[in-house]
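**Q** Before we start, here is the structure in question, set down as structure tokens.
The values are calculated or read from the model by the stated rules, or taken from the named source; none is laboratory data. Quick caveat, the model's predicted, so the values are computed rather than measured. Please note: Cβ atoms are built from the backbone with ideal geometry, for glycine as well, and neighbour counts cover all protein chains shown.
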Amino acid sequence: MSAEVQEHTHEHEHHHKDTFITKYIFSIDHKMIAKQYLITGIVMGVVGVVMSMLFRMQLAWPEESFKIFNVLLGDKWAPNGVMANDIYLALVTIHGTIMVFFVLTAGLSGTFSNLLIPLQIGARDMASGFLNMISYWLFFLSSVIMLSSLFVEAGPANAGWTIYPPLSALPQAISGSGAGMTLWLVSMAIFIAASLMGSLNYIVTVINLRTKGMSMTRLPLTIWAFFVTAIIGVISFPVLLSAALLLIFDRSFGTSFFLSDIYIAGEVLHYQGGSPVLFEHLFWFLGHPEVYIIILPALGITSEIIATNSRKPIFGYRAMIMSILAIAFLSTIVWGHHMFISGMNPFLGSVFTFTTLLIAIPSAVKAFNYITTLWKGNLQLNPAMLFSIGLVSTFITGGLTGIILGDSTLDINVHDTYFVVAHFHLVMGISALYGMFAGIYHWFPKMFGRMLNKNLGYVHFWVTAVCAYGVFFPMHFIGLAGLPRRYYTNTNFPLFDDLQNVNVLITTFALIGGIFQLVFLYNFFSSIFYGKKAVQNPWKSNTLEWTAPVEHIHGNWPGEIPEVHRWPYDYSNPAHEEDFVPQNVPMKDGEEVLHH
Amino acid sequence: MEILLVILVLVLLSIALWQLTKIFDLTQVGDKDDSQVANDGDNNTQGYLMFGFLAFIYIFTIYGLIKWGPLVLHTSASKHGETVDNLMNITWVLIFLVQAITQVLVHYFSFKYRGKKGNKALFFADSNRLEVIWSGIPAVVLALLIGYGLYAWVDIMFVDENEDTIEIELYAQQFNWTARYSGTDNVLGKANVRLIEGVNTLGVDLADPNAQDDIVVKELHIPIGKKIHFKIRSQDVLHSAFFPHFRAQMNCVPGMVTEFAFEPVYTTDEYRAMPFMVEKVKNINALRVAKSKILVTNGQAALDPYTFDFLLLCNKICGASHYNMQMKVIVDTPEDFKKWLSDKPTIVQEVKTANASKPVEGGLGADSIKAKDTAAIAKVVMK
């Protein structure tokens, strides 16, 4: 630690004697917590991606024997290297759960909200560092429980990541609905607690701790996205918690919230009067906002990166904020589009079609604003920029098919087919993953004080980009051919025999894409130790985090917190010589504000 | 073979990228630029790659449409399905148009405006007019789509009570389907899982007058030209009754009766004879013959040749064997349908026959079923 830092910490009394444990494990510093979130997220991501590679192999070559299945799944689940049908469903279920919650919610939002909110608004730390630490450790605990559910006797939860009862409630119905599902529910309940603590902290921090001059309309779009995401989370996650608790009651204490009139394994069960449709409502009241909890931070990150690397102001700053707010509002009143054919009143279907298709408007605004930002820019095609451009591309490709799925009439025949799988993977899976990668490439110097290797970054991007389209583009066709998702194999339907070659192609792309993520992992972990030392503002960016020293210190800035005098997007401002003007640079005499 | 080629291309591609990386590294030694920030050389290469990626997306899309386009569901076999397909086609035209234009803009701009030292970007922060244009146009187009969609939706989903339909129950359980025909009165008798006993696997209330002529079968026959009103039940978990060729789907929910109605417009024979279907079946059989050859050399049985049949599939995860929950659907001419149904025993007869053959186990006639029913209800009330 440098002398300057020592002096600063002394001055502000932020400093406690750091032991290894308080610095690296039970840290209350937002920058360390961000790194903890990121690395946990990456570990979970590896598990999730490996699972997807396994079940893709099963889909391409059903009935084939693979040594790797036997090695990874054991004799019980893959005797002689042939995958069993219930473990296939378990892989699909846990892949979905891990990717949606543990990677793209906690790994993405947890990492970048923690890292950037204090640094970009000019705060010394989160409003409550202690709550922040508890939030991470609860998330860690929930990750451990989720992973440990892979090792229970009857297998992990395998009723799909949406865990619809009665399937998820009755161990007689499917093997994973025993101890595996109990662990799933406990893990998610803890996860939700962690997420709520994080979200409340983000909201309070953004409202209260902005530095002098940092009005809401001078906030970088990243912060707007994280702020609004946290609000959506606080509104919707508790509803999932209630659904999970009621399901625990049904499973363990004999209540009938979601169950009624069930005859299974030769006997009538006592449940009477509940409804699985109620669970679907509660689940999707979180489930749909959840996809925006995932994608909004990614869009916020991209807004920042595209502006910086285009050397241009983000086009339509206020329109971007308005569209984030509009998406957030609409996201809470569209959940029913997952349930058009659930048996709910068709009139509700009409209402949800209407609200759902409205979301296309703010989404279109965002896409066109990105495109206009690129126009006549001076694009610095860093890996982070490539991933951001990639996000715009997949967000459009995936988003457009949403017009089909959001339309109740068209949803009838594509509901729960591979068409849906293709749609949501492109629009929120791949797009959010691109956002996360973009964020990592861009803020790695801020996190670790070193640079990632750009050429490895380029290889990583291009192979990923080709494979992402290679996997999900053909999937639309097999969905339109009527192939349902969550089928262990489609060999029982000669009708689908002509789709098998497409499945093989998809799996080939998936395996290559998956394996090439090793390039990223290598780059990431080796650069932490051996990467080139970063300069303070490598991307010549305007936001406040780059005014902080490379070396991490408690309280972020030695001495005074910088004061903000302008919006974050003064790139290529004609009134200035340089093509960037950091937010803490005072307005020149007579300088006019050139944006609205 | 195709797969091998893809692997080869990708392997070559990755080798090329790797070599490029090395070349960049080597050339940059001279410049002493190891800042890991993109320089003009990188911008140039990546800009061209962006342009190349645009070509990739376009070629891949066109290749997909030619190669996999014929795989997707063709002519709808139900009346309302024609409206669904029509709306689908309109939506597709729109999607392709927007996709084609925006992907060009994204990737071409990334190529065209690739950075160069000394260039300065245009300071262009906002324009209310542009924002109005690209929120206004989607709003108008979507309003039209929503209008058409809702018109079709209401038409499909709300079955007029007075309409002349045939009422059939679809009954889902892990992992098979059963159908119950309402018989001459066209009204299904009451049923509840608490009444399941022996051959009465659907729990039909045998005391209900409406149930007397109900017929339970394992194969679904429906007549052409008449609207079929399905009442759908499940006895254990959620299932989904999915008839892809009829553009029909509805979840089966334990504890409630859901419904869906459609009118078949082709008989199975007519649909089999359509040129696209003849072609599809030919392709599938060619694939099956090729696969059979491998199976036979391994000492296994060859696959049966495939003939097309409409299918009812389960499309909501329902357990380990979800992937094999199906029922054959046969669309008959009205005469054939009548004939097929005429010699099927009613559920009441079936129960009687079953009881007659097993007299020792005690009578399970209508009365005792009713007694059990009352007991079951009493049990529920007590809870």
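**Q** Name, by its number, the condition in (1) over 26 Å from B:L312 (Cα atoms); (2) at the interface with another protein chain (Cβ under 10 Å from one of its Cβ atoms); (3) in contact with a Phe, Trp or Tyr (Cβ under 8 Å, 6 or more places away or on another chain) that does not hold for A:F437.
**A** It fails just one condition, (2).
**Q** Taking the range B:254-305 as the region of interest, how many residues are modelled with pLDDT under 95, more than 30 Å from A:D261 (Cβ to Cβ) and in a loop (DSSP other than H, G, I, E, B)?
**A** Number of matching residues: 8.
**Q** Hey, another quick one. Does at least one position in the range A:517-525 carry a residue that is more than 7 Å from chain B (Cβ to nearest Cβ), among the aliphatic types (A, V, I, L, M), without any contact (Cβ under 8 Å) to a residue 12 or more places away in the chain and surrounded by fewer than 22 Cβ atoms within 10 Å (Cβ to Cβ)? Reasoning before the result, please.
**A** From the range A:517-525, those more than 7 Å from chain B (Cβ to nearest Cβ) are A:517-525; that's our starting set.
From what's left, among the aliphatic types (A, V, I, L, M): A:518-519, A:521.
Those still in the list that are without any contact (Cβ under 8 Å) to a residue 12 or more places away in the chain too: A:518.
With the extra rule that they be surrounded by fewer than 22 Cβ atoms within 10 Å (Cβ to Cβ), the set shrinks to A:518.
Yes, that holds for at least one residue.
**Q** Another question about this same structure. On the basis of being more than 10 Å from chain B (Cβ to nearest Cβ), of a type in the set (S, T, N, Q), touching an Asp or Glu at 6+ places or on another chain (Cβ under 8 Å) and within 25 Å of A:N114 (Cβ to Cβ), does A:N537 make the cut?
**A** Working: more than 10 Å from chain B (Cβ to nearest Cβ): yes; of a type in the set (S, T, N, Q): yes; touching an Asp or Glu at 6+ places or on another chain (Cβ under 8 Å): no; within 25 Å of A:N114 (Cβ to Cβ): yes.
Considered against the rule, which asks whether it is more than 10 Å from chain B (Cβ to nearest Cβ), of a type in the set (S, T, N, Q), touching an Asp or Glu at 6+ places or on another chain (Cβ under 8 Å) and within 25 Å of A:N114 (Cβ to Cβ), A:N537 comes out as no.
**Q** So A:N455 passes all but one of these: (1) free of Cβ contacts under 8 Å to residues at least 24 places away in the same chain; (2) within 30 Å of A:R485 (Cα to Cα); (3) surrounded by fewer than 24 Cβ atoms within 10 Å (Cβ to Cβ). Which condition number does it fail?
**A** Unmet condition: (2).
**Q** Considering only residues that are under 11 Å from the mean Cα position of the chain (by Cα) and of a type in the set (V, I, T), which ones fall in the range A:426-458?
**A** Listed by number, the list holds a single entry, A:I430.
**Q** Among the listed residues A:A194, A:A243, identify the single one that is in contact with a helix residue (DSSP H, G or I) (Cβ under 8 Å, 6 or more places away or on another chain), closer than 22 Å to A:P276 by Cα and part of a helix (DSSP H, G or I).
**A** Values: A:A194 fails: closer than 22 Å to A:P276 by Cα.
Of the residues listed, the single one that is in contact with a helix residue (DSSP H, G or I) (Cβ under 8 Å, 6 or more places away or on another chain), closer than 22 Å to A:P276 by Cα and part of a helix (DSSP H, G or I) is A:A243.
**Q** If you go through the range B:237-251 one residue at a time, do you hit one that is within 14 Å of chain A (Cβ to nearest Cβ) and under 16 Å from B:A191 (Cα atoms)?
**A** There is no residue in the range B:237-251 that is within 14 Å of chain A (Cβ to nearest Cβ) and under 16 Å from B:A191 (Cα atoms).
**Q** On the given criteria, is A:V277 within 13 Å of chain B (Cβ to nearest Cβ) and either surrounded by fewer than 24 Cβ atoms within 10 Å (Cβ to Cβ) or closer than 24 Å to A:L185 by Cα (or both)?
**A** Values: within 13 Å of chain B (Cβ to nearest Cβ): yes; either surrounded by fewer than 24 Cβ atoms within 10 Å (Cβ to Cβ) or closer than 24 Å to A:L185 by Cα (or both): yes.
Yes, satisfied.
Here's the yes/no breakdown for (1) surrounded by 24 or more Cβ atoms within 10 Å (Cβ to Cβ); (2) more than 28 Å from B:Y171 (Cα to Cα):
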{"position": "A:L209", "(1), (2)": "no, yes"}
{"position": "A:R218", "(1), (2)": "no, yes"}
{"position": "A:V228", "(1), (2)": "yes, yes"}
{"position": "A:P238", "(1), (2)": "no, yes"}
{"position": "A:S242", "(1), (2)": "no, yes"}
{"position": "A:F258", "(1), (2)": "yes, no"}
{"position": "A:I295", "(1), (2)": "yes, yes"}
{"position": "A:G300", "(1), (2)": "yes, yes"}
{"position": "A:E304", "(1), (2)": "yes, yes"}
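**Q** In the range A:288-335, what count of residues is obtained for those that are among the β-branched types (V, I, T) and either under 22 Å from B:A38 (Cα atoms) or not in a helix (DSSP H, G or I) (or both)? Working first, answer last.
**A** Going residue by residue through the range A:288-335, those that are among the β-branched types (V, I, T) are A:291, A:293-295, A:301-302, A:305-306, A:308, A:314, A:321, A:324, A:327, A:332-334.
With either under 22 Å from B:A38 (Cα atoms) or not in a helix (DSSP H, G or I) (or both) added as a condition, the list becomes A:301-302, A:305-306, A:308, A:314, A:332-334.
Total meeting the criteria: 9.
**Q** In the range A:384-394, which residues are more than 8 Å from chain B (Cβ to nearest Cβ) and over 17 Å from A:P474 (Cα atoms)?
**A** Residues of the range A:384-394 more than 8 Å from chain B (Cβ to nearest Cβ): A:384, A:387-388, A:390-391, A:394.
A:A384, A:F387, A:S388, A:G390, A:L391, listed by residue number.
**Q** Please enumerate the residues belonging to the range A:478-498 that are part of a helix (DSSP H, G or I), facing chain B (nearest Cβ under 8 Å) and buried (at least 23 other Cβ atoms within 10 Å of the Cβ).
**A** If the condition is that a residue be part of a helix (DSSP H, G or I), facing chain B (nearest Cβ under 8 Å) and buried (at least 23 other Cβ atoms within 10 Å of the Cβ), then A:I478, A:L480, A:L495 are the ones that fit.
**Q** Every residue in the range A:306-326 that is away from every other protein chain (no Cβ under 12 Å) and buried (at least 22 other Cβ atoms within 10 Å of the Cβ), please.
**A** A:I324 - this is the single residue of the range A:306-326 that is away from every other protein chain (no Cβ under 12 Å) and buried (at least 22 other Cβ atoms within 10 Å of the Cβ).
**Q** Could you tell me which of the residues A:E560, A:E592, A:E578 is under 26 Å from B:N39 (Cβ atoms) and assigned to a loop (DSSP other than H, G, I, E, B)?
**A** Working: A:E560 fails: under 26 Å from B:N39 (Cβ atoms); A:E592 fails: under 26 Å from B:N39 (Cβ atoms).
Only one candidate qualifies: A:E578.
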